[in-house]
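Could you have a look at this structure, given as structure tokens, before my questions?
Here, each number is a calculation from the coordinates, and none is a lab measurement. In this text, all values refer to a predicted model and were calculated from it rather than measured experimentally. When we count neighbours, we look across all protein chains shown, and the Cβ atoms used for this are built from the backbone with ideal geometry, even at glycine.
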Amino acid sequence: MPHFPTIDSELLRTFTVIADQGGFTRAGDQLNRTQSAVSMQMKRLEEDVIQRPLFSREGRHVHLTAEGEMLLGYARRILRLQGEALNSLRTPDMVGLVRIGTPDDYVARFLPGVLARFARSFPLVQVEMHCEPSAQLLQRHDLDLTIVTREPGKEIGELLRQEQLVWAQACGAELQHLEQLPLAMFNGDCFCRHWACNALEAQQRNYRVAYTSPSLSAIFAVVGAGLAITAQPRSLIPDSMQVLGPEHGLPEMPQASIVLLRDTRRSSAASESLAAHVIEGFRH
């Protein structure tokens with residue numbers, strides 16, 4: 001039987017965190033390890049296991065090489081399968097109810113894969129989903145897990161990912177040239193809406209909130225019809241829409257942080273297992 005070298009899963013985990021965080025120092029902070037420890041791990045991975053350079057370095061920033069990009073896809077699959085196998089074998093008969101709250105924004109983009117993998121591992125666990133704006137979810141005390149969007153500097157809980165906020169309109173709509181900019185935004189207390197309106201006012205740009213809805217699909221329907229511009233996380237913008245920025249005369253947007261909150265008073269094996277799946281699903 002041919003002998004193939006194995007890859008330590010801890011090396012793969014560190015590698016994926018570096019790729020997600022964009023640097024060794026930030027990865028070390030995420031993993032609670034020193035930068036030198038992270039560097040030694042990657043030296044082992046590059047020199048002893050893969051025998052190919054995985055990173056190209058530009059000052060403090062690192063970028064994946066072609067080999068690194070290839071390994072990243074395999075690493076995520078290996079770690080995901082490993083987690084599913086261990087969870088299934090350790091607690092195959094886990095039952096219970098998990099209540100999870102999330103803004104409507106992330107349901108279609110991230111949760112289908114998360115819930116599908118969780119269901120394969122724990123088919124007897126019932127998941128109850130509550131879709132509300134972040135501000136409303138933060139007021140609730142009956143949820144096991146809560147996914148919310150936070151503005152820079154106000155992160156709480158565990159960081160899942162950071163998202164660049166962008167302006168978007170239907171391709172060919174050219175609404176940025178209108179004297180009064182029509183917006184389609186979430187209603188209620190929404191960080192993205194507040195930031196967008198404040199930025200336009202600071203720019204002394206005339207605008208009006210023409211359409212509001214608690215549903216992202218409704219907002220995108222209005223924008224897709226060429227009736228308004230919206231401001232949303234970049235990964236949520238469909239290919240049918242045009243991303244706008246300072247080059248189109250609109251103010252630059254910040255990054256938003258997507259975080260996971262756990263209610264420790266309601267913690268259970270089922271909720272912790274779903275939390276692990278959420279963390280993995282949002283990071284790739």
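Set the Förster radius R0 to 25 Å, insert the Cβ-Cβ distance between residue 201 and residue 156 as r into 1/(1 + (r/R0)^6), and round the FRET efficiency to 0.05.
Given R0 = 25 Å and the Cβ-Cβ separation, E is 0.35.
If the viscosity is 0.692 mPa s and the temperature 37 °C, what translational diffusion coefficient in µm²/s does Stokes-Einstein give for the range 9-89 when Rh comes from Kirkwood over Cα pairs?
Result for D is 254 µm²/s.
With angles folded into 0 to 90 degrees, how steeply does helix 9-21 sit against the dominant principal axis of the chain? Use alpha carbons for both and round to 10.
That works out to roughly 20 degrees.
Would you work out which of 75, 30, 9 lies farthest towards the positive end of the dipole of the range 1-83, given +1 charges on the beta-carbon of Lys and Arg and -1 on that of Asp and Glu, about the Cα centre?
30
Rounded, prolate or oblate: which fits the range 61-149 when a ≥ b ≥ c are the square roots of the eigenvalues of the alpha-carbon gyration tensor, with rounded for a/c under 1.5 and prolate only if a/b beats b/c?
oblate
Kindly put 38, 222 in sequence by how many other C-beta atoms sit within 10 Å of each C-beta, fewest to most.
222, 38
Can you sort 65, 14 so the residue with the fewest Cβ neighbours within 10 Å comes first?
Fewest-to-most ranking of 65, 14: 65, 14.
Hey, another quick one. For Cα pairs less than 8 Å apart in space and 6+ apart in sequence, what is the mean separation divided by the residue count of the chain, i.e. the relative contact order in percent?
The value is 21 percent.
Treat the count of other C-beta atoms within 10 Å as a stand-in for reagent exposure and order 99, 234, 77 from fewest to most.
Taking fewest neighbouring Cβ atoms as first place, the list is 77, 234, 99.
How charged is the neighbourhood of residue 131? Take every other residue with its Cβ under 10 Å from the Cβ of residue 131, and add Lys/Arg as +1 and Asp/Glu as -1.
-3
A follow-up question, please. For the peptides 129-138, 27-36, what is the packing order when you average, over each peptide's residues, the other Cβ atoms within 10 Å and list the highest mean first?
Answer by packing, highest mean first, reads 129-138, 27-36.
Right, here's the next one. Using helices alone, I'd like the mean residue ellipticity at 222 nm for the chain: each DSSP H run of four-plus residues gives -39500 (n - 2.57), total over residue count, nearest 500.
Helix contribution divided over all residues of the chain: -12000 deg cm²/dmol.
Determine the shape class of the chain: with a ≥ b ≥ c the square roots of the Cα gyration tensor eigenvalues, call it rounded for a/c under 1.5, and otherwise prolate if a/b is greater than b/c, oblate otherwise.
Oblate, since a/c reaches 1.5 and b/c is not below a/b.
A follow-up question, please. What does the charge count around residue 65 come to, taking other residues whose C-beta lies under 12 Å from its C-beta (Lys +1, Arg +1, Asp -1, Glu -1)?
With Lys, Arg at +1 and Asp, Glu at -1, the neighbours total -1.
While we're on this one: Is the shape of the range 162-256 best called rounded, prolate or oblate, per the rule: a/c under 1.5 gives rounded, else a/b larger than b/c gives prolate, else oblate, with a ≥ b ≥ c the square roots of the Cα gyration tensor eigenvalues?
Taking the square roots of the gyration eigenvalues as a ≥ b ≥ c, the range 162-256 is rounded.
Summing +1 for each Lys or Arg and -1 for each Asp or Glu, what net charge is found among the other residues whose Cβ lies under 14 Å from the Cβ of residue 283?
Result for the local shell: +4.
Give the percent of DSSP beta bridges with both residues in the chain that are antiparallel, rounded to the nearest 5.
Here the share of antiparallel DSSP bridges comes out near 60 percent.
Relative contact order of the range 162-256: what whole-number percent is it, with Cα pairs under 8 angstrom and at least 6 residues apart?
With pairs under 8 Å counted, the relative contact order is 50 percent.
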